[in-house]
There are 2 protein chains.
Amino acid sequence: MISEEKIQKYNDWLFRKSAYDMALSIIMTDKMTVAPIGGSAYRDARTAYLSGELFSIVTDPEILEILREMKDDNDIDPDLKRAAYLYYKDAMATVCIPKEEFVSAQEIFSKSYDAWLEAKTKNDYSIFEPWLKKVIEIRKQQYEYRKSDMDLYDQMLDDYEPGMNREKYDVFFNALKERLVPLIEKVCAAEQIDDSFLYQEYDIEEQKRFSNELLKYLHFDADWGYQNETEHPFTNWVCENDCRTTTKYLLNNVASAILSTVHEVGHATYEHDCDDKYDGMILSEGISSGMHESQSRLFENYLGRSYAFWEYLFPILQKHFPAQLGNVTAKQFTDAVNVSRRSLVRTEADELTYPLHILVRYEIEKGLFDGSISTEGLDETWNALYEKYLGIKVPGAREGILQDVHWSDGSFGYFPTYALGSAFSAQFTAKMREEIDVDEALRSGHFEICIEWLKEHIHKYGCRYDADDIMKIATGREFDVNVYLDYLEEKYTKLYHLK
Amino acid sequence: MISEEKIQKYNDWLFRKSAYDMALSIIMTDKMTVAPIGGSAYRDARTAYLSGELFSIVTDPEILEILREMKDDNDIDPDLKRAAYLYYKDAMATVCIPKEEFVSAQEIFSKSYDAWLEAKTKNDYSIFEPWLKKVIEIRKQQYEYRKSDMDLYDQMLDDYEPGMNREKYDVFFNALKERLVPLIEKVCAAEQIDDSFLYQEYDIEEQKRFSNELLKYLHFDADWGYQNETEHPFTNWVCENDCRTTTKYLLNNVASAILSTVHEVGHATYEHDCDDKYDGMILSEGISSGMHESQSRLFENYLGRSYAFWEYLFPILQKHFPAQLGNVTAKQFTDAVNVSRRSLVRTEADELTYPLHILVRYEIEKGLFDGSISTEGLDETWNALYEKYLGIKVPGAREGILQDVHWSDGSFGYFPTYALGSAFSAQFTAKMREEIDVDEALRSGHFEICIEWLKEHIHKYGCRYDADDIMKIATGREFDVNVYLDYLEEKYTKLYHLK
């Protein structure tokens, strides 16, 4: 069994690493929310340097040796063994990259983010294109250093969702296409639901006041969380008791900030509710991007878009906006936030067409890495795919290719987990509904009953187990995409009175 | 002359150091504005660790040797020489402290801040008292390590204002007492000015909207600055193009947030307008706390409380608050924000009684370090001094001893610079008014004319020269406290129609 001295070294290392993780997390949140843009170059250079320090810590040969020993040691605490396995895997993916290249890449990713933001503001893809090209080249090089037998893009997919690759995603997306495309056709042909009242003018300060009540209902407590505003909503965390979400208010869309808030609080709650003993360790993090997204989607779609949720919250929202919503009922409001239509922007897409937005990104990423698609003219490629799958014309890059932040820092392989996570959450929710009265909890203002179930069956484990295992632990069976597709079919058939 | 190789080492060191300075600055701002309190313990331990890393960088023996050589080298660039001198001085004050003690002190200061915040919220000094005692002990120990011949408190005074000590401050404060106490008596006995309209209900969201226009007028540009909210307003910076200010809105006091904003933007502008070539170096920082405060006070009192300032801004403020200010004139408003009365809270004190608030703190600090005053019962001591100098009874610790953050992290010796800075700014303003038409600039919305003068005569130098030298460069003469006292006497004699 591994020596006490080595365990001590591991613990010291863990603390050191967590200090840099914390600093970089706070600096990142700061950059994306409030940091003055004029200071970007100064900050980015120094942030890259600190990332390099973290790189050196993560790839310290003495620690790698200890981690290797720990991960193969059957006599140590299984939590420690699992953590060592995960750290070792991460380190192996990093240590192969020359430090200098790693640091300069971090700086380029920061600058690329700024270029993306400028391009989006100016609705001009050409500002971002050279950066995107550069970021892709860097990512390719970084993955090549691994000298893996796996295809490059498969490696990226596996990083975000261990065990997944193009072959499995192709099966998954084909199942979606097969059942959702005809369903969407029917929905579009059916009598449409009036949701125009969602798109009146809703004073942003008043939206913020409602948001405070919503956060209270969701138990997003100021003691452990904070919500800020940003161009592209995200969630970030320092530790279990420090989880930050962001949202974006739109003057002419009252549902957008609400549903994005519920979504991000889903991510934050997952991090917050992990077993305390894992705090500061890799085990406290969500297992995979898909698992994380399953929790945010579960909050957003399966709870936040349910009638029971609005039975409680709609009368409160109504008080904030009597002129806009005085004559609307909770039922009409719920139907409206579930309306499905061909649309441009992923983060504001409805539950039914959402996976097709992901399909577009998945096909582009596959093409970018197998060489069949280029960054030049990628806005046109994007637009053509939106026309093909969503049946919609893209008026400009802002609502088109520039809408998402992910590619600016090279997060390729991430998008597909969004669709997968949505499918996971269907299965989790079905099980939760078997075991507790979700609707009664939501309508009576006891959201914590749902949180407790999720904590007990999913959140507390952090990434102690793989996604497959959690699925079995929580639902008693393997993942089945048809649970998701059955749910969508039933829901939209009923909502649109389809035959 | 020092070798190129050593200069290169110095530059690498400077960059490394600036990365940690940046991280700690952002983490500190984050903690004091938005960070969830539940994560404090986790963050504080890691922040202390990072401070320890910075400690190691600052006290690196090889660099100390290079700095020592540079500061004594008459052949190198004088800017470099000056920077080396200042870094060396800082390092010498730090290197004597055992690293372990330095790191644990940082963590205690963070926790003490949290205790102070809790005590203030609960209006209960006893929560903070044991922390204050601990912080004082730590500071004493840290200064004793220097083995200086100077008295402990004199060393602290010198750290914030090089060249100052108790003897000089006693002379300064005696001059203030001698002329201000009788002047304040006369003001209190005179016919009072009606300022009740300032204390109506002013919607905070509306105050924020006005604040955006105010920031524009002050040229506090989102490109290089950001304003947040906090319990105790402060200014912090990462580099010249990243300066953060904070403010605090009060529902029943419209002038408070406005004047604190103008004050903090004064600090931020000083940092922003330093010569670009000093960015990231110690030379870009303000010379001393007194010099920094002179710039914030100049903005707040000498510009922000002038009639010309309000000739431009009052009509705008009036539009935001027609019900409250519809029948008030710019002249009445200006008089109201200059009203002097015995009050409890330093940050909201008027220009005339302000130095007496500082006097109370100066006497307490002297007593805490010469042993004549104890932390036990310090709230009573505080209250007694407020009664003696300000003639006012303190109702509770929140508006009494707990009102200021400074002592929570051991910033002893800082307060006296506030009074000194106010006096400096009188002399700077007098000179500026000789050279440019300040009133015309303010009333016509050309605040940048004042900024330009300040940049040219003060800000651009950063801390290239000592405060004494800057005073001579900017005003052509030595500092004279009577310029300040004459100014106050003339202003308040006129305002209150004194004989």
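Over region B:91-212, the pair-distance histogram of Cα-Cα distances with 10 Å bins from zero comes to 10, 20, 22, 28, 16, 4 percent, rounded to whole numbers. Restricting region A:343-410 to trypsin sites (Lys or Arg not before Pro) that sit in a DSSP loop and have at most 13 other Cβ atoms within 10 Å of their own Cβ leaves A:393. Computed with every protein chain present, the accessible area of residue A:56 is close to 50 Å² [probe 1.4 Å]. Taking every C-alpha pair closer than 8 Å and separated by at least 6 residues, the mean separation divided by the residue count of chain B gives a relative contact order of 18 percent. Taking 21 Å as the limit for the C-alpha separation, the pairs A:122/B:216; A:216/A:455; B:216/B:455 exceed it in the case of A:122/B:216. Under 17 Å between alpha carbons, and skipping anything fewer than 8 positions from residue B:494 in its own chain: which lysines qualify? Cross-link targets: B:186, B:331.
Within straight-line reach of residue A:499, meaning a Cα separation under 14 Å, sit the following aspartates and glutamates at least 8 residues removed in sequence or on another chain: A:185, A:191, A:489, A:490. Roughly how far apart, in whole Å, are the Cα centres of region B:50-87 and region B:424-478? With region B:50-87 and region B:424-478 each reduced to a Cα centre, they are spaced 31 Å. Remark on the protein assembly as shown: ratio of C-alpha radius of gyration to 2.2 N^0.38 Å is 1.02.
In terms of accessible area, using a 1.4 Å probe and ignoring ligands and nucleic acids, B:121, B:493 rank largest first as B:121, B:493. Annotation for region B:144-199 versus region A:111-173: alpha-carbon center distance of 61 Å.
Amide H to amide H distances under 5 Å link residue B:253 with B:202, where only residues 5 or more positions off or on other chains count and H is placed in the peptide plane.
Loop only per DSSP, at most 11 neighbouring Cβ atoms within 10 Å: give me the GluC sites (Glu not before Pro) in region B:146-196, ordered by residue number. Sites meeting the loop and neighbour criteria: B:191. Both chains summed, the buried accessible area for B and A stands near 3300 Å², from protein heavy atoms and a 1.4 Å probe. For region A:80-162, the fraction of 1.4 Å probe accessible surface lying on carbon and sulfur atoms is 52 percent. Per-residue ellipticity at 222 nm, computed for the protein assembly as shown from helices alone with -39500 (n - 2.57) per DSSP H run of at least four residues, works out to -20500 deg cm²/dmol. Rounded to a whole number, what is D in µm²/s for chain A from Stokes-Einstein with the Kirkwood radius over alpha-carbon pairs (25 °C, 0.890 mPa s)? Estimated diffusion coefficient is 103 µm²/s. Pairs over the 25 Å Cα-Cα cut-off, from the set A:99/B:71; A:89/B:99; B:140/B:177; A:168/A:366; A:134/B:9; A:134/A:168: A:99/B:71; A:89/B:99; B:140/B:177; A:134/B:9; A:134/A:168.
With a 1.4 Å probe rolled over the protein heavy atoms of all chains, the accessible area of A:73, B:72, A:335 falls in the order B:72, A:335, A:73, largest first.
Each residue of region B:266-272 is assigned a 3J(HN,Hα), and the resulting list reads x, 4, 4, 5, 4, 5, 5 Hz, derived from the Karplus form 6.51 cos²θ - 1.76 cosθ + 1.60 (θ = phi - 60°), x at Gly and Pro. Output the 0 to 90 degree angle, nearest 10, between the alpha-carbon long axis of helix B:415-435 and the longest principal axis computed from the alpha carbons of chain B. On a 0 to 90 degree scale, this one is about 70. Computed 3J(HN,Hα) for region A:127-141, one whole-Hz value per residue from the Karplus formula 6.51 cos²θ - 1.76 cosθ + 1.60 where θ = phi - 60°, is 5, 8, 3, x, 5, 4, 4, 4, 4, 5, 4, 4, 4, 4, 4, glycine and proline marked x.
Accessible-area rank, largest first, for A:151, B:154: A:151, B:154, with all protein chains present and a 1.4 angstrom probe.
Taking every DSSP bridge with both residues inside the protein assembly as shown, close to 50 percent are antiparallel. Normalised by 2.2 N^0.38 Å, where N counts its residues, the alpha-carbon radius of gyration of region A:392-499 equals 1.36.
Of the whole protein surface, residue A:82 contributes about 30 Å² of accessible area at a 1.4 Å probe radius. Here residue A:188 sits with roughly 50 square angstrom of accessible surface, probe radius 1.4 Å. In a reduced charge model with +1 at each Lys and Arg Cβ and -1 at each Asp and Glu Cβ, the protein assembly as shown shows a dipole moment near 1420 debye about its Cα centre. The GluC sites (Glu not before Pro) of region A:419-499 that meet both conditions, a loop assignment by DSSP and at most 16 other Cβ atoms within 10 Å of the site Cβ, are A:478. Summarising the amide proton neighbourhood of residue B:229: residues at separation of 5 or more, or on other chains, whose placed amide H is nearer than 5 Å comprise B:247.
Each DSSP beta bridge with both residues in chain A is either parallel or antiparallel, and the antiparallel ones are about 50%.
Ordering B:323, B:349, B:382 by Cα displacement along the dipole of region B:321-383 toward the positive end leaves B:323 in first place; charges were set at the Cβ atoms of Lys, Arg (+1) and Asp, Glu (-1).
The values are calculated or read from the model by the stated rules, or taken from the named source; none is laboratory data. Predicted model only: the values in this text are computed from it and were never measured. Note that we place each Cβ from the backbone using ideal geometry, even for glycine, and neighbour counts take in every protein chain shown. What goes into the accessible areas is simple: the full protein's heavy atoms, side chains included, and nothing from ligands, DNA or RNA. Shrake-Rupley method; radii C 1.70, N 1.55, O 1.52, S 1.80 Å.
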